[in-house]
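Input: a single structure, listed below in structure tokens.
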Amino acid sequence: MKLNLKRPLVFFDLETTGTNPSKDRIIEYAFIKLMPDESQVSISGRVNPEMPIPKESTEVHGITDMDVKDEPNFKEVAMEILRFIEDCDLAGYNLLRFDVPVLNEEFSRSEINFDPTRHRIVDAQHIFYLMEPRTLKAAYKYFCGKSLDNAHSALADTQATLEVLKAQVERYEGVTIEMDGEEKAPIVNDIDALHGLTASKFVDLAGRFAYNDKGEEVFNFGKFKGQTVESVLAKEPGYYDWMMKGDFPMDTKRALTRIRMRALTGK
């Protein structure tokens with residue numbers, strides 16, 4: 001199965017100290033670049049997170065503090081990663097909810113500008129949950145007929161996701177399902193279409209803000225959930241300061257600031 005690519009598609013996976021994108025750090029990464037001619041190049045490595053790795057995280061991926069104590073920190077490898085994914089689309093498994101936000105936070109800490117909107121993003125998990133709700137391990141078995149023996153190794157998970165996405169497109173292209181009360185065939189061999197199918201409808205990567213039916217940004221959490229951000233900031237201006245000082249990802253804070261400045265300037 002050959003994916004129809006207009007530009008390289010980079011599959012990636014991260015192992016981290018935990019599951020909070022605003023706090024936790026990368027400890028292992030793997031990126032596989034699939035070229036339009038089907039050739040592949042990859043980079044991978046481990047990172048010193050400059051914080052202790054919790055025991056419960058080590059139990060998942062098997063990486064300890066000792067394993068990464070002599071590794072470079074993220075800032076030392078950030079430019080290599082940024083250059084590797086430049087002018088490419090991105091793909092992975094659960095990357096919209098986790099890997100992209102984590103990567104974005106790490107770039108921000110390194111004072112490197114990374115704009116996820118410049119990349120078309122395809123999340124194989126979204127396709128899998130839509131068509132056959134399962135885990136990556138089960139997806140690999142189901143679509144590829146193989147056992148994922150090294151699950152939670154970044155390189156093994158990334159390679160598995162590459163194979164799963166190709167198998168998903170081959171299996172489901174042209175298959176109709178009921179969506180929004182209509183029979184549709186959502187899977188096509190086209191990265192633009194797959195991006196539109198799996199891309200987040202949230203304003204920020206963490207999903208703290210979403211769009212309502214009118215295309216307005218609304219809060220997606222807390223006491224103001226469902227209310228437009230502009231209206232809340234107008235009646236509760238202190239809420240902006242509370243969020244900016246709070247434990248929210250930098251991407252969320254940038255989105256909030258962008259909305260606030262637009263309301264103040266009318267631009």
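The values are calculated or read from the model by the stated rules, or taken from the named source; none is laboratory data. Remember, predicted model here, so these are calculated numbers, not experimental data. A quick note on method: Cβ atoms are made from the backbone with ideal geometry, for glycine too, and the neighbour counts reach across all protein chains shown.
Determine if the stretch 247-256 includes at least one residue that is at pLDDT below 90 and of a type outside the set (Asp, Glu). There is no residue in the stretch 247-256 that is at pLDDT below 90 and of a type outside the set (Asp, Glu). Residue 218 meets all of the listed conditions (1) modelled with pLDDT of 95 or more; (2) assigned to a loop (DSSP other than H, G, I, E, B) but one, namely (2). A count restricted to the stretch 80-95 and to residues that are closer than 16 Å to residue 21 by Cα and either assigned by TED's automatic domain parsing to the domain that holds residue 253 or crowded, with 22+ Cβ neighbours inside 10 Å (or both) stands at 2. The single condition among (1) touching a residue at least 60 places away in the same chain (Cβ under 8 Å); (2) of a type outside the set (Val, Ile, Thr); (3) assigned by TED's automatic domain parsing to the domain that holds residue 160; (4) surrounded by 17 or more Cβ atoms within 10 Å (Cβ to Cβ) that residue 3 does not meet is (3). Taken together, 112, 127 contain a single residue that is outside any helix (DSSP H, G or I) and out of contact with any His (no Cβ under 9 Å at 6 or more places or on another chain), which is 112.
Here residue 64 clears all of (1) free of Cβ contacts under 8 Å to residues at least 12 places away in the same chain; (2) within 27 Å of residue 189 (Cα to Cα) except the condition numbered (2). Checked against (1) of a type in the set (Ser, Thr, Tyr); (2) in a strand (DSSP E or B); (3) under 17 Å from the mean Cα position of the chain (by Cα), residue 19 passes all but condition (2).
Residues of the stretch 130-149 that are part of a loop (DSSP other than H, G, I, E, B) and surrounded by fewer than 20 Cβ atoms within 10 Å (Cβ to Cβ): 132, 133, 134, 135, 145, 146, 147, 149.
Conditions (1) closer than 30 Å to residue 132 by Cβ; (2) touching a strand residue (DSSP E or B) at 6+ places or on another chain (Cβ under 6 Å), marked per residue:
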residue	(1), (2)
179	yes, no
194	yes, yes
200	yes, no
211	yes, no
256	no, no
260	no, no
263	no, no
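Take the residues in the stretch 177-207 that are assigned to a loop (DSSP other than H, G, I, E, B) and exposed (fewer than 12 other Cβ atoms within 10 Å of the Cβ), then tell me which one is modelled with the lowest pLDDT. Among them, the one singled out is 180. Residue 152 satisfies every condition listed in (1) part of a helix (DSSP H, G or I); (2) assigned by TED's automatic domain parsing to the domain that holds residue 124 except (1). Screening the candidates 24, 70 for the property of being loosely packed, with under 13 Cβ neighbours inside 10 Å and part of a loop (DSSP other than H, G, I, E, B) yields one hit, 70.
Would you say residue 158 is buried (at least 16 other Cβ atoms within 10 Å of the Cβ), assigned by TED's automatic domain parsing to the domain that holds residue 44, within 14 Å of the chain's Cα centre (by Cα) and hydroxyl-bearing (Ser, Thr, Tyr)? Taking the combined requirement at face value, the residue satisfies it.
Summed over the stretch 237-253, residues that are free of Cβ contacts under 8 Å to residues at least 12 places away in the same chain and within 22 Å of the chain's Cα centre (by Cα) total 1.
With the structure loaded, tell me whether residue 53 is in contact with a strand residue (DSSP E or B) (Cβ under 6 Å, 6 or more places away or on another chain) and either closer than 12 Å to residue 14 by Cα or not in a helix (DSSP H, G or I) (or both) or whether it fails that test. Taking the combined requirement at face value, the residue does not satisfy it. Against the list (1) at pLDDT 95 or above; (2) farther than 25 Å from residue 117 by Cα; (3) not in a strand (DSSP E or B), the condition residue 60 fails is (1).
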